[in-house]
Amino acid sequence: MIARHDGVSPGMTLPLKLFAAVAAVQIAAVATGLTALQWVTTPLLAPLLIWHLQVTRRRGEGRPDAVVHGLGFATAGDIALLIPNRAGLLAGMVFLLGTLICFTLAFLNRAKPLPSPSAMFALLAVSANALFGDRWGAFRVPLLVYSLALSAMAAAAAGVSPLVAAGGVLFVVADLLTGLGYAGLHLPAVAAAAHAAALALIATGWARPQNAGGSERSGVEQPVRRARAWADHDAGGRVADDRAVHLSR
């Protein structure tokens, strides 16, 4: 567990534990078709992650960042998608598009996107629209715009940290499964699980401490930095000793 100097550890906080419990119930409700229980649990998911980000923030960090705003859009989008009609679908897409834009801006502010993931996700978006666009009917153009924004977010996430990158990939998987549902392949529980996991990975990865360059410190990088610091300290000590000896002469 990584400790923060001016806040709560970004590990299993109370809101994160509550999120895991609520997500499990929500996925079960989707799998069993319990609509009323979905209406109770789904609106709680993203707000619990906002709470997690708030309790793990450093003191004096200022206003909430774009990831928090993105989770706010995700709350509205998840609620809208519970409405079983075209208006609900379009509203959900608009709100989740806001989520993607906020996430992308936040990720780009922290790290540069990697070329390979960018090309891969762009190719996936174009391929999905080429294969299933005819089945989406009137939603083809909105879904094309949404899928391109989704690809941009996932590509930007790949440069932030392993957790955030995994969240970006699962976000793509979740939305791809949702899109396939409108094309006739229905896997709602799997899509719900992927969506919840994506948001959780992005939020927990975003809450971890960052180095000056912006990316999360890896397990290899930290020991190297410590070794360099000790070497510099030791070298400085030897220089100071040499100066003391010289002055005593």
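Every read-out reported here was derived from the displayed coordinates using simple, explicitly stated rules and does not represent laboratory data. Because the structure is predicted, anything quoted here is derived from the model rather than measured. All Cβ positions, even for glycine, are placed from backbone atoms using ideal geometry, and neighbour counts span all protein chains on display.
Worth pointing out:
- The order of the peptides 38-49, 155-166 by mean Cβ neighbours within 10 Å, most packed first, is 155-166, 38-49.
- Sites ARG140 and MET120 - FRET efficiency at Förster radius 25 Å, r taken between beta-carbons, to 0.05: 0.65
- Gain in span if fully extended, ALA36 to ALA87, counting 0.36 nm per residue against the direct Cα distance: 16.4 nm
- Per-pair calculated FRET efficiency, R0 = 22 Å: ASN109 and VAL55 via Cβ, rounded to 0.05: 0.50
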